[in-house]
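Here the structure is laid out as structure tokens; the discussion comes afterwards.
The values are calculated or read from the model by the stated rules, or taken from the named source; none is laboratory data. If you're wondering where the values come from, they're calculated on a predicted model, not measured in any experiment. Methodologically, a virtual Cβ is constructed for each residue, glycine included, from the backbone with ideal geometry; neighbour enumeration extends over all protein chains shown.
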């Protein structure tokens, strides 16, 4: 799978660990930055991640910041992207199954690397259920549906 990953300065270490793990797992990973722990603005990286998921360059996106909150808000500014803030595998599964999320956000200061890997693994493995959930997902991009 083609996966894009981006973070702010607070999540560099988690981003690096997840990127390397995903590559070992056989995924194509685009690291959208940043490369150092120098302070950056999470919206810049959230917008960049949303753009490559929305245009199809990446099939899924992983957004990371200290809490996961700020970057998830910036990713969700793009109407073609549905980013769920997750902290454990059940929320990751439901984000895909019920909401057809194409991105997840994780807080590096709140979630350890093993739990983050479990969330990402579940997110990537879970299919959208469709059915009754489809009309609700359609309303996320088009409220008049």
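Give just the number: which of (1) surrounded by fewer than 16 Cβ atoms within 10 Å (Cβ to Cβ); (2) on the phi < 0 side of the Ramachandran plot; (3) modelled with pLDDT of 95 or more does residue 4 not satisfy? Residue 4 satisfies all of (1) surrounded by fewer than 16 Cβ atoms within 10 Å (Cβ to Cβ); (2) on the phi < 0 side of the Ramachandran plot; (3) modelled with pLDDT of 95 or more except (1).
With respect to the conditions (1) surrounded by 18 or more Cβ atoms within 10 Å (Cβ to Cβ); (2) without any contact (Cβ under 8 Å) to a residue 60 or more places away in the chain; (3) within 15 Å of the chain's Cα centre (by Cα), residue 60 falls short on a single one, namely (2). Quick one: count up the residues across the stretch 86-120 that are surrounded by 15 or more Cβ atoms within 10 Å (Cβ to Cβ), part of a helix (DSSP H, G or I) and without any contact (Cβ under 8 Å) to a residue 60 or more places away in the chain. Matching residues across the stretch 86-120 total 11.
Listed by first and then second residue, the pairs with beta-carbon distance under 6 Å, at least 6 apart or on different chains, first residue in the stretch 121-145 and on the phi < 0 side of the Ramachandran plot and loosely packed, with under 12 Cβ neighbours inside 10 Å, second part of a helix (DSSP H, G or I) and at pLDDT below 90, are 145/138; 145/139. If the condition is being within 18 Å of residue 122 (Cα to Cα) and touching a helix residue (DSSP H, G or I) at 6+ places or on another chain (Cβ under 6 Å), then the stretch 63-81 contributes 63, 64. Just so you know, in the stretch 121-145 the residues that are within 28 Å of residue 43 (Cβ to Cβ), within 19 Å of the chain's Cα centre (by Cα) and part of a loop (DSSP other than H, G, I, E, B) include one that is modelled with the highest pLDDT, and it is 126. Considering every residue within the stretch 64-77, establish whether at least one is assigned to a loop (DSSP other than H, G, I, E, B) and without any contact (Cβ under 8 Å) to a residue 40 or more places away in the chain. Yes: one or more hits.
The residues of the stretch 12-36 that are part of a loop (DSSP other than H, G, I, E, B) and in contact with a helix residue (DSSP H, G or I) (Cβ under 9 Å, 6 or more places away or on another chain), listed by number, are 25, 27, 32, 33, 34, 35, 36.
Per this entry, residue 39 is counted among residues that are closer than 15 Å to residue 9 by Cα, free of Cβ contacts under 8 Å to residues at least 40 places away in the same chain and in a loop (DSSP other than H, G, I, E, B).
Per-residue answers, yes or no, for (1) at pLDDT below 95; (2) surrounded by fewer than 19 Cβ atoms within 10 Å (Cβ to Cβ); (3) more than 19 Å from residue 95 (Cβ to Cβ):
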| position | (1), (2), (3) |
| --- | --- |
| 14 | no, no, no |
| 28 | no, yes, yes |
| 45 | no, no, yes |
| 54 | no, yes, no |
